[in-house]
1. Determine how many Å³ per residue the convex hull of the Cα atoms of the chain encloses.
2. Using the per-residue mean of other Cβ atoms lying within 10 Å as a proxy for protection, in what order, highest first, do the peptides 157-170, 273-286 fall?
3. How do Lys156, Lys346, Lys440, Lys353 rank by accessible surface area computed with a 1.4 Å probe, from largest to smallest?
4. Of all accessible surface on the chain at a 1.4 Å probe, what whole percent is carbon and sulfur?
5. Please work out how much length the chain gains when fully extended from Ser463 to Glu392, using 0.36 nm per residue of separation minus the C-alpha to C-alpha distance, in nm with one decimal.
6. Over the stretch 261-397, with the other protein chains present, what is the accessible area per residue in square angstrom, probe 1.4 angstrom?
7. Amide H neighbours of Gly54 under 5 Å, counting only residues 5+ apart in sequence or on other chains, H built in-plane at 1.01 Å?
8. Hey, can you find the accessible area per residue of the stretch 404-471 for me, probe 1.4 Å, expressed in square angstrom?
Amino acid sequence: MKNEPVIQEIMKKLTGLCLLLALGLSLPSAKADEGMWLLPLLKQQNYARMQELGLQLTADEIYNDRGESALFDAVVHFGGGCTGEIVSPNGLLFTNHHCGYGEIQSHSSIGHNYLRDGFYAPTLADELPNPGLTVTFTEEIVDVTDFVGTYLSAYKVTDPMIYLTRSFLRVVAESWYHENRGDIEQAKSNGYQLDLAPIYAGNKFILYVQRVYRDVRLVAAPPSFIGSFGSDTDNWTWPRHSGDFSIFRVYTAPDGSPADYSAENVPLKPKTYFKVSTKGVEEDDFVMIIGFPGTTRHFSTAAEVTEFCNISEQIRIDMREVRQEVLWQEMMQDEKVEIQYAAKYKGSTNAYKRAIGNNWAAEKIGFEALKQSDMDELRAYAIANNRLEYIEAMDQLTDLIGKRAPALSLRTLLDEGIWRPIEILRLAPIVNQEQFEILKQDSAQLEAFLEAYDARYNKDYNSAVDRRVTKAMVKAFRAAAPEVDFLNDADSDVDGYVDHLFDTTIYRSRDKLRRAIEEGTFQEYELDPLVQLHREYVETNNSVIGELNTYTPLLAAAQMAYQKGMLEMKGELNLWPDANSTLRYTFGQVRGYSPRDQVFYGFQTTLDGVFEKEDPNSEEYYILPPLRAIYERASYGDLALKNGQMPVNFCATTHTTGGNSGSPVLNAEGHLVGLNFDRNWEGVGGDLVYLPDFQRSIICDVRYLLLILDQYLGADRLLDELSLAN
């Protein structure tokens, strides 16, 4: 019998499993605090447990599908990558400082350095518009699995490379909306959009009906020494002392509909908004977070964990370390460069430190062994229930992951070592021959092309910095992949190769680019060193992507079968789908943790800790006089702890990931007690395996936000606008 050795091995494991049960030993199980759960299933899955922990709201007050206002109505997707929350009847919005960092930076200059000094708009007229920034409300959440299945069957769509893409599913969603809600085109003209998301690897499909608002204005932000206190060094760590918040306002057309920026627009009148608590939290208090977690991988197999850590994360660590060292040196030497590259540097180090934490946790906790245990459990179930297709799916996943490793390594190196860090390569609007001839003949299109060039090579681009980064990255790439046929011309003299590129490319100035198109030929254009580098990169990258794409549909089908098996074995109500930037909730308790033997961190930090970390010679730990005056005065009123200290941050066992930045942290009464802004170093591996003993969400205590608004920024009108609950 072909599968006899496999069956024998599984039966041995089943025997051991039965022995454990006979001895009364408990098996590992998910902790109550694990999960990024779907709101429509709140009643069936977690509501009773949440009540046990202290929740005082009804399930319908958190989420309902009857059109009545509920807490979820006040949570928005901020800018597509963070979360925010509405906190007033006039559209006032809280999110993190690092979420609004790009907007704060865009309004900053040497004369008005809002990153350094903070910002406050004393009137509505002073609030600053941010073209391109949006906030998205979720209006409705619908399980459309049956509809999608019928649609795929009717149109004979069987390729997961097609039916798992959001672009294809958007078409399916519009068909559903047309049949069930009305005119989709009219809805879109009124700000609505549809996000149909596959969950459980495509075993189910959830539709999010959303409404997008396009006029979002900056209202207030603390200075960076408060908003990102500790900056890169403290990132992903606890204890933490950061006032990581910024404040915006959503505007609408006078009739309340979404609209582009206009002086005639008015503040949003929301369905609901959060009351802001001034009483704070105590250890073991219930807390809940609603937000838009980005990506998790908790259904990964053992082979996928190994691939993720050894290839994706390790290459990211190695390449970003090279770039960040150059950027930091340049930023510390020039204030202009520091302003230009502050957001870019922060974005790079964020993923860099997360990758280090992931790999640390995977090794310390033994993620591969834990995932292998999940697979062994499913194998046993498959044998017992004659579902051998699940065994086949797991074996196929292991085989395919191993085969694609060389191609994935190169693809990751190209992305992290070349495309992301070398700005001139990403910014250059390269054209083909047909496009070149059109630009040559049509002055209007040429002008539009040059305007696009200006938008890319903007005030935040510095050619000298980019040149230094490019030299470092080319050297790092060639050292990591000496056998790869890419950038071979640079091997003998990297510095000379890069200097030639930056000194001679027509893309080094608008005028040179214009003349090359107006006066030159396409053959001459193709000889430009930057054009040649771009062509070489695209050719190499497309080749490796083509190879990876041969594995992708097979992996998708196998992962779908694997998760189907897990759903069948454990039951859907006992599982949560991996995060995919759609609205979720998580819950837990305010609690510290012990990262290692004889070390314990409490749940609350205070302003005392800020001044204990103070270093006037550090860009990360300096403190400006106004905060010192507040600290010395120590007049905190109702915001103070019982011992008179001023709270700054706290941590909780809630299960969060990227995308949850800015998420509202709510107490048992549904009042806002904090803004989620980070995870601790020891818990970032929770994207793969929830770590109950280590994983903590790091949260800006809303009382610190209120103190800064009141005593640092003097934002009386904003405080008057909030509904405070004590």
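The values are calculated or read from the model by the stated rules, or taken from the named source; none is laboratory data. Worth saying up front: this structure is predicted, and the values here are computed from it rather than measured. No Cβ is skipped: glycine too gets one built from the backbone with ideal geometry, and neighbour counts run over all protein chains shown. Ligands, DNA and RNA are stripped out before the accessible areas are found, and what is left, the full protein with its side chains, is counted by its heavy atoms. Shrake-Rupley method; radii C 1.70, N 1.55, O 1.52, S 1.80 Å.
1. Details: hull volume 140.0 nm³, N = 726.
In the chain, the Cα hull volume divided by residue count equals 193 Å³.
2. Working: 157-170: 14.9, 273-286: 18.9.
Packing proxy ranking, top to bottom: 273-286, 157-170.
3. Values: Lys156 165, Lys346 50, Lys440 75, Lys353 25 Å².
From most exposed to least exposed: Lys156, Lys440, Lys346, Lys353.
4. Details: 14940 of 30410 Å².
Exposed carbon and sulfur together represent 49 percent of the surface.
5. Numbers: separation 71, 0.36 × 71 = 25.56 nm, distance 5.28 nm.
This chain segment gains 20.3 nm when fully extended.
6. 42 Å²
7. For Gly54, no residues qualify.
8. Values: 3020 Å² over 68 residues.
It amounts to 44 Å² per residue over the stretch 404-471.
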